[in-house]
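To start, the structure under review is shown below, and the notes come after it.
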Amino acid sequence: MTHLKRPFPFGKCTLPSNIFYAPLAGCSDYPFRKMSAKYRPGLMCCEMVKMDALMRNDPGTFHMLDFDHSMHPISGQLCGSKVSLAGPSARIIESLGFDTVDLNCGCPVDKVTKDGSGSGLLKNPQLIGELITNMVAAVKIPVTLKIRAGWDETEINAPLITQIAEQAGATAICIHGRTRKQGYAGPANWDYIKDCVDVADRIIVIGNGDVTDGPSAKAMFDYTGCDAVLVARGTMGHPWIVEEIIRYLCEENPEGRTFESCRQELFEHFLHAMDYHPPKRVAIDMRRVGCWYFKKAAGTRAFRDAISRAEEPQVIRELILNFSAAKAQEEAAVSPEEEAPLCKEACD
């Protein structure tokens, strides 16, 4: 049995599949989404934007919402806790051409939760219901929300919020199987997602947390019974992961990725960044993006060290173009015990 659904009915939308890519603060920018679009996930999302900033027409906020036709279907994610802004903000997202609009109830960082936004909303489930009700009333596109299991292990209220969101008219709810207190530490508890599936009637339940490849996606479907999966950090340096998951769910042999194909993908990501961002931003961003694409490859320490210190795009260009499998093999032979660590992530 395959859990893959192609196409996937989603409220008034029909999506290519039920394998989605998550919004990642500081990461899922325009170049990231250009790379993702090549492999056509069921749904992708921009970085979250604040309702307040949208309403005051902040140029930087609208810049974060840039997308092109290749990125459809795409969702815009809102962050905020003011009921009066929920509807008008959702209308802006709809007017920009997004296919769905999402309410962030999961971001755990203090600068977001201090005003009751993000996972701070988990402390006030009824407010979540009010926000969703106003968003649903304001737009024709599907309204969704992304939550965590609860504030901490003593306050697990994801099933309650699932019921509230369904009553408020949400099309789908995504549950991250960690609490706000956990952040990204420790394994995700898929029991919390399963509990939400059990109480859901019409609302689509999306599972999130520790889905990093085909086997883990299948395990998520098998264990929780969720309708769709959301891949988050597993997309970083791995824009083709949706293809891998689909092949696995269809019991097809994996295509595999060579060192050279990963290098070419990294170079394409670099070119998209050059087309979109100013040079200084390119240099800063590529320090971590360069690490993503080789995070599982041995013999890449020298490359990662060099790209993390690069200050000019031209230097980064030469590093990528001159890096080769032979060089990586030579380094791995000298340090065979090395495993490439994850670079520090800027995602919230």
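For this structure, a couple of remarks:
- Helix axis angle, 313-322 relative to the chain longest principal axis, alpha carbon, degrees: 60
- The angle separating the long axis of helix 214-224 from the principal Cα axis of greatest extent in the chain is about 20 degrees.
- If you take all other residues with their beta carbon under 14 Å from the beta carbon of ALA310, and give Lys and Arg +1 and Asp and Glu -1, the sum is +2.
- In this calculation the C-beta distance from LYS181 to ALA333 is compared with R0 = 51 Å, giving a FRET efficiency of 0.70.
- Order by protection proxy (mean Cβ within 10 Å, highest first), peptides 56-64, 79-87: 79-87, 56-64
- Between the range 1-61 and the range 144-191, the Cα center-to-center distance that results, in Å: 19
- Crossing angle, helix 279-292 versus the chain [Cα axis fit, 0-90 degrees, rounded to tens]: 90
- Given LYS146/LYS194; LYS5/LYS218; LYS5/LYS295; LYS50/LYS111, the pairs whose alpha carbons are separated by over 19 Å: LYS5/LYS295
- Charge tally for ALA200 (other residues, Cβ to Cβ under 13 Å; Lys, Arg +1; Asp, Glu -1): -3.
- Charge context of ILE164, other residues only, Cβ under 14 angstrom, K/R +1, D/E -1: -1
- Centroid-to-centroid separation of the range 96-136 and the range 284-334 [C-alpha atoms, Å]: 38
- Take the Cβ atoms of LYS82 and ALA326, set R0 to 56 Å, and the FRET efficiency comes out at 0.50.
- Set of lysines near LYS140 by C-alpha distance (under 19 Å), chain-local residues within fewer than 8 positions excluded: LYS12
Every number here is computed from the coordinates shown, using simple stated rules; none is lab data. None of the values given here were measured: they were computed from a predicted structure. So basically every Cβ, Gly included, is an ideal-geometry build from the backbone, and we count neighbours across all protein chains shown.
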